Every structure is written in structure tokens, then in C-alpha cells.
Amino acid sequence: MNKIFIACPFIKFINGTDFINNDFRQFTEELYDLCAKYASKVFLALKREDYGAKPLQSYSCSMDLDEAKSADLVIAIPDDSMGVAVELGWMSAMQKPVILVLNKNQTYTSLIYNINKITPGKVIFYENEEKKSLPDIIKVLEYYKKLMDGDEK
Amino acid sequence: MNKIFIACPISKYIDGDKFINNDFKIFIEELYNVCQKHASEVFLALRREEYGKKLMKDTCAELDFEEMKTTDLVVAIPEDSKGTAVELGWASCMKIKILLLLDSNQRYTPLISGLKDITDVETIWYDGNLNRDVLTNIDNMIKRKSKE
């Protein structure tokens, strides 16, 4: 597998140049490291901008779309993020596999909940803490690694 | 123009099988009529689902996606709707023209307000109220887009 795109909320956790949710930061860092074991490239916008500490001098949506275009699959934590919803629209339009990481106690719009009806992928549910989803994410990454790279791992 | 797709919030305005925001319903119906003047086909999921009476939660993703593929122009009122955001993702990825209606009192993610970097986007700003002036602006804008 060449590249994994991680889509997750961004703005809601940034205050000035501070990242205000340490648990979520830890989770995304663990997820990033995990993905790096399965793909040679991992894109996480939070990492690009050092979790708010280094905002981009100039930003264009096309930068994120270009990253999405060259990705093999997306792992998305949609939460209530409009930005992640747009990225899920891109990924599904390009027919890229979408791994949805959903909170059991949250309600999602049908177009997100059922995104795998228009593009391949899997849904992983967690309860309360995002990091509880990591073991299931590993299983799904194993599956896609085998599917995309054959037995060369 | 062949087809216009109207993308707007649905679930936040539905309680059971009732549509709970009559002002929004009136505006959307008028918007539908404006769009009909410019395109032979207009898609509005709210109409298909009879404003909540016939919700199609299990099948709407595939159905909406198929509708988008044959669309020439999307008129979108994102508000805080994640469904509309997914549709804007589809439209921008497919390089479909977008007419974006944004509330000047609301803050939008750059992935919505900056979609012009990806596809042809015209933005109409409104000040909290979706009223007749907004409809007139939309009418004029679609007229202009039809000629391009």
C-alpha cells in the first residue's frame, strides 16, 4: 500500500495555535504511527500543521484534494466535522476505500453512515474513546494490505 | 442547462415524519421553481422524500450519488449539514459548477468556503434570512451561468 489519508476534525480542536484535546491528539498520533507501518506515506493535515502550532502561510483546498487523489484509502473519523464530510465526498466520488470510525453513541447523517454503499470500505464502531477503535483498525489495515500488496508483506 | 441539483439540510428540519421549518420549506419550494426556469430537470431530495413523509435513509446515498453524476449545476445551502458537505465533495471532485449560498453570520470550514480552488464556484452571501432578494440573486446568477 502506498498511501493512507487520515481525515479527522481539525478546527474544533484548535484555539489560536494550541491543540485543546490531548486525548484526541494522542489517538491521532497513534493512528498515524500505525498507518506508517502499513503504507509508505501517510497524510494527516494535523501533522502537516503541527497540531495548530504551524498554520500554513497560504492554504488551498486543492492541496488536500491532491493528497486525497494520490491516496489508496482513507481512514475517517467524521465526528461532526463538515471538512471531513467534504473529504468523504471526494473519496467516495473517486471510489477509494473508506474506513469509517464511528462513535456508537453518535448519530450520523445517512450520506456518511451509508458511504460504503457507493464506495468500498468498512465501518468500525467504538464506544466513548477513539483509541478503542485501534485494534479493529489494525485488522482492517491487514485486510487491505493483503488485498493491495498481495503476499509481499 | 440540463439539470440542477439542490443540496440542502434535511434531517435537522425533520421530526418524525414532519418538516418543522415552514419558512425554509417555502424558500426551498420557491428555489425549486426558480431552478425549473433554467433547467429541464431539477433534483431536490426533500421533494423526492416528500419533506419527511417518505424518508429514504437506507438508499439515499446511492440515489443521490447517481443524481449528482448527471448534474450540470449544484445550488447548495450547506448551513451545518454534513450531508450537504458530502454532496459538495462529490460535486467539486466531479468538477461540477456550484452556486454556494453562505450565511454571513456563520463560520465555514475552508473546505467549504474555499471550494473555488477546485471547481467553478459562485458564492452568494445572505444575512441570516433566505428571502426574495436571495432568490433574485440566484435567478440572475443561474442565468449568467447558463450562458457560459
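Rule-based calculations on the coordinates, nothing more; no lab input. These figures come from a predicted structure and were not determined experimentally. Quick reminder, even Gly has a Cβ in these numbers, built from the backbone with ideal geometry, and neighbours come from all protein chains shown.
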**OP:** Could you run through region A:114-135 and say how many residues are touching a residue at least 12 places away in the same chain (Cβ under 8 Å), within 14 Å of chain B (Cβ to nearest Cβ) and not hydrophobic (A, V, I, L, M, F, W, C)?
**Re:** 4
Subject >> Residues within region A:5-39 that are loosely packed, with under 15 Cβ neighbours inside 10 Å, out of contact with any strand residue (DSSP E or B) (no Cβ under 7 Å at 6 or more places or on another chain) and within 30 Å of A:Asp149 (Cβ to Cβ), tallied >> reply: 5
Original post:
In region B:10-36, how many residues are surrounded by 12 or more Cβ atoms within 10 Å (Cβ to Cβ) and basic (Lys, Arg)?
Top reply: 2
Subject >> Every residue from region B:66-80 that is over 12 Å from B:Ala7 (Cβ atoms) and in contact (Cβ under 8 Å) with a residue 12 or more places away in the chain >> reply: B:Lys69, B:Thr70, B:Asp72, B:Asp80
Subject >> Complete set of residues in region B:92-110 that are within 8 Å of another protein chain (Cβ to nearest Cβ) and either touching a residue at least 24 places away in the same chain (Cβ under 8 Å) or assigned to a loop (DSSP other than H, G, I, E, B) (or both) >> reply: B:Ser92, B:Cys93, B:Met94, B:Tyr108, B:Thr109
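Tell me which residues, restricted to region B:82-91, are at the interface with chain A (Cβ under 7 Å from one of its Cβ atoms) and either farther than 18 Å from B:Ile142 by Cα or over 12 Å from the mean Cα position of the chain (by Cα) (or both). Outline the logic, then answer.
Start the filter on region B:82-91 by keeping residues that are at the interface with chain A (Cβ under 7 Å from one of its Cβ atoms), which leaves B:82-83, B:85-90.
Across region B:82-91, the qualifying residues are B:Lys82, B:Gly83, B:Ala85, B:Val86, B:Glu87, B:Gly89, B:Trp90.
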Subject >> Enumeration of residues in region A:55-81 that are touching a residue at least 12 places away in the same chain (Cβ under 8 Å), more than 9 Å from chain B (Cβ to nearest Cβ) and either more than 17 Å from the chain's Cα centre (by Cα) or not in a helix (DSSP H, G or I) (or both) >> reply: A:Pro55, A:Ser70, A:Ala71, A:Asp72, A:Leu73, A:Val74, A:Ile75, A:Ala76, A:Ile77, A:Asp79
